[in-house]
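Report on the following structure.
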Amino acid sequence: MSNLTSTRLSRGQYVLAIAGATGRLGKALSEVFLTTYRPFFSSVRVLVRDPSSEAARALAQKGAEVHHIDLSNLHDSLSAALRGVDVVVNALATSAAELSDAVFDAALESGVRVYFPPEFGVDHQLNDFPGFEHSDWAKKKAHESRVRERAGSKMKVISVYSGLFLEEALNFPALGFDHRKLTYTCIGPPTQRIAFTSKRDIGNTLAELALLSLSPPSATRVPDHVQIAGNVVSFEELRDIVRGVRQESGVDDEVTVRSEDLKMTREALQDEMRRQPPLKPATFVRINRIIMGEGKLDFSNDNHNELVNPNEELWKWRTVEGFVREMEGWIDS
């Protein structure tokens, strides 16, 4: 055990709760707290609507305390679940905006010290879609504004932005990553870099930020808004990585990068969104692709990687190249 770990453990263990613990992000976060960071948390509580679900039972088998959130008795069930909790991670979907507000209210009432709003992904502070912003980001902004106003000095609120989820984004053709055709299509310049962060590394980051915030000597170092970037690459760099991994396996197919006009795509989307509400899921994807092209997901310089993982001494960030190797360059796609 390192001196750093010994010192941190000597400060005591904490109680953490995760709302949305069985979701696509929440499950990965829960597993980090139940494994790598379990020595620092005496209890990991997962707040779920269906304790009998396969995902909830799997987390219970790993040591989680499963707490049923009764939507018909929301205040009392949340109050009971958050009693004695130090940290709350809100990983609820954006569609559950009212539930997110209720989770925060119960956390504040229960004396929770650190709260992570359901951000993760795009840093919507940088978005510039006047008059045609996606409703998901409007909900996130409304929740964060409400939370910070009510928390005041009673609770540390930390919004974490991680760029694209590495494992999901690179396996999502709608974002421009067509491995079957070996064609990568960006909106805007193919040299524009984009942050990719694995869900595991987001979990590691939340754990480190929680520990830093709960310790008086380090609490003041933690900002209200945190950007992280597991790896930052461009479409051209991705092309070269995929080509190199495939060549190592004796496959030397051409890998192509294509670019669509950023200004024209943005104007077309703006017109569509103003004419045709409500918004479709495909529209949200196109907005993300525009943000990628505008450089709003390039967290190369203003990230907080060194705050949470100085010199990569705590863990090694998962990289795009590492993931491409795990996928064997999508040779069998």
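The values are calculated or read from the model by the stated rules, or taken from the named source; none is laboratory data. Small disclaimer: the values here were computed from a predicted structure and weren't measured. Note that we place each Cβ from the backbone using ideal geometry, even for glycine, and neighbour counts take in every protein chain shown.
Give me the helices (runs of 4 or more DSSP H) completely within the stretch 1-73, filtered to those with at least 2 residues that are modelled with pLDDT of 95 or more and surrounded by 14 or more Cβ atoms within 10 Å (Cβ to Cβ), ordered by residue number.
26-34, 54-61
Among the residues of the stretch 102-118, what is the count of those that are surrounded by 16 or more Cβ atoms within 10 Å (Cβ to Cβ) and either of a type in the set (Asp, Glu) or closer than 30 Å to LYS263 by Cα (or both)? Outline the logic, then answer.
Of all residues in the stretch 102-118, those surrounded by 16 or more Cβ atoms within 10 Å (Cβ to Cβ) come to 102-108, 110, 112-118.
The next check asks that each one be either of a type in the set (Asp, Glu) or closer than 30 Å to LYS263 by Cα (or both); those that pass are 105.
Number satisfying all stated conditions: 1.
How many of the residues in the stretch 241-262 are among the basic types (Lys, Arg) and within 28 Å of ILE291 (Cα to Cα)? Before the answer, list the steps.
We begin by selecting, within the stretch 241-262, every residue among the basic types (Lys, Arg); these are 243, 246, 258.
Filter once more, so that each one left must be within 28 Å of ILE291 (Cα to Cα): 243, 258.
Selection size over the stretch 241-262: 2.
Pick from the stretch 119-138 the residues that are of a type in the set (Asp, Glu) and in a loop (DSSP other than H, G, I, E, B): which of them is surrounded by the fewest Cβ atoms within 10 Å (Cβ to Cβ)?
ASP128
Check the stretch 220-241 and report whether any residue there is buried (at least 20 other Cβ atoms within 10 Å of the Cβ), at pLDDT 95 or above and over 28 Å from GLU326 (Cβ atoms).
Yes; the residues of the stretch 220-241 include at least one that is buried (at least 20 other Cβ atoms within 10 Å of the Cβ), at pLDDT 95 or above and over 28 Å from GLU326 (Cβ atoms).
Being closer than 28 Å to GLY329 by Cα, assigned to a loop (DSSP other than H, G, I, E, B), touching a residue at least 24 places away in the same chain (Cβ under 8 Å) and more than 18 Å from the chain's Cα centre (by Cα) narrows it down to one residue among GLU254, GLU236; which is it?
Values: GLU236 fails: assigned to a loop (DSSP other than H, G, I, E, B).
Of the residues listed, the single one that is closer than 28 Å to GLY329 by Cα, assigned to a loop (DSSP other than H, G, I, E, B), touching a residue at least 24 places away in the same chain (Cβ under 8 Å) and more than 18 Å from the chain's Cα centre (by Cα) is GLU254.
Of all residues being at pLDDT 95 or above and basic (Lys, Arg) in the stretch 112-153, which is farthest from PHE284 (Cα to Cα)? Just the residue, please.
The selected residue is ARG113.
Does ASN90 qualify as being within 23 Å of the chain's Cα centre (by Cα) and either surrounded by fewer than 16 Cβ atoms within 10 Å (Cβ to Cβ) or among the polar types (S, T, N, Q) (or both)?
On the way: within 23 Å of the chain's Cα centre (by Cα): yes; either surrounded by fewer than 16 Cβ atoms within 10 Å (Cβ to Cβ) or among the polar types (S, T, N, Q) (or both): yes.
So ASN90 fits the description; yes.
Could you tell me how many of the residues in the stretch 9-50 are touching a residue at least 40 places away in the same chain (Cβ under 8 Å) and either in contact with a Cys (Cβ under 9 Å, 6 or more places away or on another chain) or at positive phi (or both)?
So the answer is 1.
Output the number of residues of the stretch 134-164 satisfying the condition of being under 20 Å from the mean Cα position of the chain (by Cα) and either within 16 Å of VAL226 (Cα to Cα) or free of Cβ contacts under 8 Å to residues at least 60 places away in the same chain (or both). Show your work before the answer.
Start the filter on the stretch 134-164 by keeping residues that are under 20 Å from the mean Cα position of the chain (by Cα), which leaves 134-145, 147-148, 156-164.
From the residues that got through so far, the ones that are either within 16 Å of VAL226 (Cα to Cα) or free of Cβ contacts under 8 Å to residues at least 60 places away in the same chain (or both) too are 137-145, 147-148, 156-164.
Adding up the residues that qualify gives 20.
Confirm whether LYS263 is surrounded by fewer than 16 Cβ atoms within 10 Å (Cβ to Cβ) and within 30 Å of VAL226 (Cα to Cα). Full working, then the answer.
On the way: surrounded by fewer than 16 Cβ atoms within 10 Å (Cβ to Cβ): yes; within 30 Å of VAL226 (Cα to Cα): yes.
Yes; evaluated as a whole, the condition is true for this residue.
If I ask for residues that are closer than 16 Å to SER30 by Cα and either out of contact with any Leu (no Cβ under 9 Å at 6 or more places or on another chain) or of a type outside the set (Val, Ile, Thr) (or both), which ones from the stretch 83-118 would you list? Don't jump to the end; show me each part of the working.
Of the stretch 83-118, the ones closer than 16 Å to SER30 by Cα are 85-93, 115-118.
If the condition is that a residue be closer than 16 Å to SER30 by Cα and either out of contact with any Leu (no Cβ under 9 Å at 6 or more places or on another chain) or of a type outside the set (Val, Ile, Thr) (or both), then ASP86, ASN90, ALA91, LEU92, ALA93, TYR115, PHE116, PRO117, PRO118 are the ones that fit.
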